[in-house]
Amino acid sequence: MSVSLGMPKAPAPVLAPRRPTRQIQVGSVGVGSDSPISVQSMTTTVTSDINATLQQIAELTAAGCDIVRVACPTQDDADALPAIAAKSQIPVIADIHFQPKYVYAAIEAGCAAVRVNPGNIRKFDDQVKQIAQAAKDHGTSIRIGVNAGSLDKRLLEKYGKATPEALVESAVWEASLFEEHDFHDFKISVKHNDPVIMVRAYELLAEAGDWPLHLGVTEAGPAFQGTIKSATAFGALLSRGIGDTIRVSLSAPPVEEIKVGTQILQSLGLRPRKLEIVSCPSCGRAQVDVYELADKVTAGLEGMTVPLRVAVMGCVVNGPGEAREADLGVASGNGKGQIFVRGEVIKTVPEAQIVETLIEEATRIAEEMGEDGDVEEAGATVTVG
């Protein structure tokens, strides 16, 4: 049976509809249930080094970052914000802790949004009125960021530790203060390093109001551990429609955060899929080195942005079926590989030519689709196994 190439005309199926929320703007990016879920990251440069910070923002932008956050712990960093906000191609959020004066500096600098942590900004509650007015005057949105590691001491005393209920009580209280002053352009995050606590906190927060929510497992850890923790927590929430913007917090270069976040959204059908490699885990039936084959195909197709699924299969049990279902695929065995396009075998090549042939065919399909993949019959899948 022939498999049609191209993105489906109907929207991709999702596990649950998005939770209805109010809509806010973070610069040019809409945040809320009417807007696509956005992916964020944070620069690791010293913000006062304007050129280095802008260079990293450019790298994040190229990787698909929608919104970027920069730290602002010093006056030198605050002084750099106007140039960074003006020259960045994506909206910039200033991350403020401890010093309330930097909140006003970031708003006046033209940042798209300001992240405030009520638990560690001195006398924050007393300044909500002034912050709300300044943000309203400049069209700046706010993120109320509650973190387990910097929870208000009063709530720690009440609950004994950073429980989901403590995180949510802090967030709801701060939200009420902004709303009391007729300011509604804010989103909320309640981050924790434990995915179970984090998920429960967001569930409670989603029940408490219609605020847009920024998802994050804070201090998630090194790349492998942090990816697993983030994917687990985000999947649990996004699959039920909870979450409007995400940040994967990894002890790794920021671009890696964007790659992981983007892939999570694509896997859930919440962002259009691009290149997807489907490959088998290998087993005693495999007659080729599937690991090496999949790695070489992945490397050879790196940077391809069209919606293409490629299947790399290593045996004759599941290989032909998976390869037929992909836009482009190979079923390997007996020193040969059957190459499938649109569900049909187009040629059989020696094992040594499988990688080269797949890359050539993928490139040809991508060229037919066009660089942006908008051709009606565009969209392919590659399976490896």
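Read-outs throughout are calculated quantities, based only on the coordinates presented, and are distinct from any laboratory measurement. Remember, predicted model here, so these are calculated numbers, not experimental data. Methodologically, a virtual Cβ is constructed for each residue, glycine included, from the backbone with ideal geometry; neighbour enumeration extends over all protein chains shown.
Between CYS283 and GLU203, what's the calculated FRET efficiency when r is the beta-carbon distance and R0 is 41 Å? Round to 0.05. In this case the efficiency is close to 0.60.
Count Lys and Arg as plus one, Asp and Glu as minus one, and take only other residues whose Cβ is under 12 Å from that of VAL349; the net charge is then -2.
Counting only DSSP beta bridges with both residues in the chain, the antiparallel share comes to about 25 percent.
The stretch 65-138 has equivalent-ellipsoid semi-axes of 20, 13, 11 Å, by the square roots of 5 times the alpha carbon gyration tensor eigenvalues, sorted largest first.
Here the spin labels are modelled as points 7 Å beyond Cα on the Cα-Cβ line, and at TRP173 and ARG22 they lie 2.0 nm apart. Of the chymotrypsin sites (Phe, Trp or Tyr not before Pro) found in the stretch 46-117, those in coil by DSSP whose Cβ has at most 14 other Cβ atoms within 10 Å are PHE98. Applying 1/(1 + (r/R0)^6) with R0 = 41 Å to the Cβ-Cβ distance of ARG122 and GLN55 gives a FRET efficiency near 0.80.
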